[in-house]
Amino acid sequence: MQIPAPFDYVRATSVDNALELLSRHGPESRVVAGGHSLLPMMKLRLSRPEWLIDINDLYELDFILRDGGKLRIGALTRHTTLLESEEIAALFPIVRDAEAVIADPVVRNRGTIGGSLCQADPAEDLSTVCNVLGAEAVIRGPAGERTLAMAEFHRGPYETAVGQDELLCEVRIPIRPRSGSAYAKVERRVGDWAVGAAGAAVTLAEDGSIADAAVGLTALGLDHTVPGTAELLRGQQPREDLFVAAARLAADSCDPVADQRGPIDYKRHLADELTRRVLRQACARAAQTQEG
Amino acid sequence: MQISMTVNGNDVTSDIEPRVLLVHYIREVLGLTGTHWGCDTSNCGTCVVLLDGQPVKSCTVLAAMAAGHDVRTVEGLASGGTLDPVQQGFMEEHGLQCGFCTPGMMLTARALLDKNPHPDATEIRQAISGQICRCTGYATIVRSVQWAAAHPAGGDSDADADEVLDGTDTVIKDIPAETKDAEVKA
């Protein structure tokens, strides 16, 4: 029977209250939302917080809101909500692509975008999604609010810019016209961690050429977007040989490890093939999208 | 700590350790052993219960986190001695053999049908994709859910008795109404 070590439990009643509790209880306190990363770690004693601060009552962090040129997503928004949102599917199809293959439907009822991003597991999908979409993370702490680009927020495996006494409150994704995005993952079975995955976001110019592009990889040993992708694609009309070149770039940039999910060569092959697929689809989607 | 919640429509209050998982609270404190405890790692789905109507894996939810919420277990599916159409469907279509995954499967099916009364086979398979059956097989589980979708008011299995060819259904029917579904697996 796997049971967490003893801890004290408290429910936060507001973001301010959560921050106050984090300050009061210090480094031995942890925030729990969906709990599907933290509780398994606590069962295995990989994490032994003395205080668990439950933020599931903070409905103020559960929202999807279009605000000018950005879509704002509250950190407590559940995976199921993201998957089912028609607005998100229209603006950022990559989110629906990824959400459909994150864990399983029952786990998605609990897990949150904020929890996934803060856990920053190397095989976690939304970090890649937010990276390629150029999202920002809004973090609140005792000193107030700060907004970080995903590249600054996501520091590597299991590490983010969120301090011990801070809370990720919101993700903001810029809405760009003539844009498309896509995500593709290979997993051994439903709910397993990715063998490998790739995400792409593309913005087209008015003449149909590529104005901007980003590719990211999941579980393949690359924390941030594939360097050089935008430079390679910018100004070019979408073409298969370009996708092949960008995919080679992705395969060369990644640094997968061999494990029970596959050897390095296979994972590098996935980086290549999945990058082609998501770029192809992101460009096709961008071409179909007139408004952002 | 003291927690209160609604379980199958009943208000319950208990003193528990904060680290008690919802699955153990339901089974050991409330004595509702129809909720099964399986892998402990939120993979197998046999511990699925409905939390505010949504299926969740109760091995990965603290009982404390469920406080103030509405929990429904397999014991809460039947009402007044009448089986839920999902339960009836599992009888009609041989949706269970050993029965270990059954409570979770039925609750997920109930939540699916509440949201989408006419799911196709793919939607049913997706809905139960986080739950593992290792004996009966998914084909009959999918058919069981389809039966429930086609019979939203349930139905009297006796009326269909002529269609039942194997003895399993007879055995299940013979279990007294007050015996909870937890024991149907036997």
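The values are calculated or read from the model by the stated rules, or taken from the named source; none is laboratory data. Predicted model, so just to flag it, every value in this text is computed and none were measured. So basically every Cβ, Gly included, is an ideal-geometry build from the backbone, and we count neighbours across all protein chains shown.
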Could you say whether any residue in region A:173-187 is within 14 Å of chain B (Cβ to nearest Cβ) and either over 13 Å from the mean Cα position of the chain (by Cα) or within 28 Å of A:E28 (Cα to Cα) (or both)? yes
Any idea which of (1) at pLDDT 95 or above; (2) within 20 Å of A:I175 (Cα to Cα) is the one A:R277 doesn't satisfy? (2)
For B:T60, indicate whether it is crowded, with 24+ Cβ neighbours inside 10 Å, in contact with a helix residue (DSSP H, G or I) (Cβ under 7 Å, 6 or more places away or on another chain), touching a residue at least 24 places away in the same chain (Cβ under 8 Å) and closer than 29 Å to B:C98 by Cα. yes
Selection from region A:73-86 of residues that are assigned to a helix (DSSP H, G or I), within 14 Å of chain B (Cβ to nearest Cβ) and either in contact with a strand residue (DSSP E or B) (Cβ under 9 Å, 6 or more places away or on another chain) or of a type in the set (S, T, Y) (or both): A:H79, A:T80, A:T81
Can you work out which of the residues in region A:1-17 that are in contact with a helix residue (DSSP H, G or I) (Cβ under 9 Å, 6 or more places away or on another chain) and closer than 14 Å to A:L167 by Cα is farthest from the other protein chains (Cβ to nearest Cβ)? A:V15
Of the residues that sit in region A:106-125 and are part of a helix (DSSP H, G or I) and aliphatic (A, V, I, L, M), which one is farthest from the other protein chains (Cβ to nearest Cβ)? A:L117
Only residues that are more than 20 Å from A:D121 (Cβ to Cβ) and among the acidic types (D, E): list them for region A:200-258, please. A:E206, A:D207, A:D212, A:E231, A:E240, A:D241, A:D252
Taking A:P40 as the residue in question, decide whether it is surrounded by fewer than 20 Cβ atoms within 10 Å (Cβ to Cβ), farther than 17 Å from A:V162 by Cβ and more than 18 Å from the chain's Cα centre (by Cα). yes
Only residues that are in contact (Cβ under 8 Å) with a residue 40 or more places away in the chain, crowded, with 24+ Cβ neighbours inside 10 Å and closer than 16 Å to A:S37 by Cα: list them for region A:119-150, please. A:E124, A:D125, A:S127
Entirely in region A:177-223, the strands (runs of 3 or more DSSP E) that have 1 or more residues that are in contact (Cβ under 8 Å) with a residue 12 or more places away in the chain and aromatic (F, W, Y): A:179-187
May I ask you to verify whether B:M5 is of a type outside the set (G, A, S), under 24 Å from B:Y138 (Cα atoms) and within 14 Å of another protein chain (Cβ to nearest Cβ)? no
Contact list, first residue from region B:125-142 and more than 13 Å from every other protein chain (Cβ to nearest Cβ), second anywhere and charged (D, E, K, R), beta-carbon distance below 8 Å, six or more apart or interchain, is B:T140/B:E93; B:V142/B:R125
Return the residue satisfying two criteria in turn: it lies in region A:87-105 and is in contact with a strand residue (DSSP E or B) (Cβ under 7 Å, 6 or more places away or on another chain) and in a loop (DSSP other than H, G, I, E, B), and of such residues it is nearest to the other protein chains (Cβ to nearest Cβ). A:V101
Failed item in (1) under 19 Å from A:R110 (Cβ atoms); (2) at the interface with chain A (Cβ under 10 Å from one of its Cβ atoms); (3) not hydroxyl-bearing (S, T, Y), with B:D70 passing the rest: (2)
Matching entry among B:V74, B:V86, B:V23, B:V48 (being free of Cβ contacts under 8 Å to residues at least 60 places away in the same chain and of a type outside the set (S, T, N, Q)): B:V23
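The rows are residues; the columns are (1) at pLDDT 95 or above; (2) closer than 23 Å to A:D255 by Cβ.
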position: A:V107; (1), (2): yes, no
position: A:G111; (1), (2): yes, no
position: A:D121; (1), (2): no, yes
position: A:S127; (1), (2): yes, yes
Just a yes or no: is a residue in region A:237-244 among the aromatic types (F, W, Y) and assigned to a helix (DSSP H, G or I)? yes
Give the residue that is nearest to B:G99 (Cα to Cα), with candidates limited to residues of region B:8-28 that are within 14 Å of chain A (Cβ to nearest Cβ) and of a type in the set (V, I, T). B:V23
In this structure, does A:P157 turn out to be more than 23 Å from A:L274 (Cβ to Cβ) and under 16 Å from the mean Cα position of the chain (by Cα)? no
